[in-house]
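Okay, so here's the structure we're looking at.
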Amino acid sequence: MEDDILYRMQIINEMLLEMASGNFYYRIERSENDDNIEALIATLNMLAEEIQETIVHQGYANTEHTTLDIVQMSFILNSKGFIEMVNQKTCNILSALYDDIIGKDFENFLAKASIAKWKATWNLIKEKEIFDTSLDLNFKSKGKLIIPKIAYITTFIDRLSKENKTLVTVVHHSNFKKQLDADLKERVIGSLYIRLVSISCNACYY
């Protein structure tokens with residue numbers, strides 16, 4: 001029991017550190033527990049979502065620049081679903097080394113709630129020569145934080161090996177410049193700093 005509480009508090013601490021760094025796309029995976037810690041986790045997830053939506057909304061409302069589609073994570077899977085290639089941003093977001101990702105089953109980096117959904121999609125991929133779709137997936141970082149994203153999935157045939165491969169791409173939509181992004185994050189973090197401190201203090205009691 002104490003080990004479970006300690007583990008959950010470590011995840012909460014990891015989440016708070018990411019939010020303090022301006023990374024609001026992480027979430028904590030929910031459990032079936034019905035206690036104050038679970039209520040705290042729910043509050044943190046809602047707060048992160050609220051801040052993220054505020055940043056996106058303010059960005060769209062205060063800029064005239066064209067929307068940018070930025071590839072955040074990119075995976076190439078072999079015919080068995082194992083990862084052959086990732087971009088550097090994937091390593092950063094998942095908080096994992098390149099060598100710790102390559103050669104691993106793709107589903108190892110998904111939260112429990114998304115594994116069944118991915119397996120169903122993977123079965124469809126294996127049945128069709130050409131396949132394109134998008135899928136809501138919850139990725140899982142090394143620190144056990146959840147990253148909810150829409151993944152764009154397409155298949156292709158490697159010209160050299162003649163093997164079927166799958167490209168999984170996660171795109172972040174943005175239409176404001178880095179400076180605006182930084183300024184906006186600073187304002188949002190400042191206005192909600194007291195709420196974060198309050199959450200941190202409450203967590204200390206458990």
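Read-outs throughout are calculated quantities, based only on the coordinates presented, and are distinct from any laboratory measurement. Worth saying up front: this structure is predicted, and the values here are computed from it rather than measured. With ideal geometry, Cβ positions are generated from the backbone for all residues, glycine too; neighbour counts draw on all protein chains shown.
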Worksheet entry | Listed peptides 77-87, 159-169 by packing density, highest first (mean Cβ within 10 Å) | 77-87, 159-169
Worksheet, complete the sentence: In whole percent, the Cα-Cα distances of the stretch 68-174 spread across 5 Å bins from 0 upward as 2, 12, 24, 27, 20, 11, 3, 0
Discussion item. What is the sum of charges, Lys and Arg at +1 and Asp and Glu at -1, for the other residues whose Cβ falls under 10 Å from the Cβ of Val170?
Written reply: +2
Worksheet item: Full extension from Ile102 to Ile5: what is 0.36 nm times the residue separation minus their Cα-Cα distance, to one decimal in nm?
Response: 31.7 nm
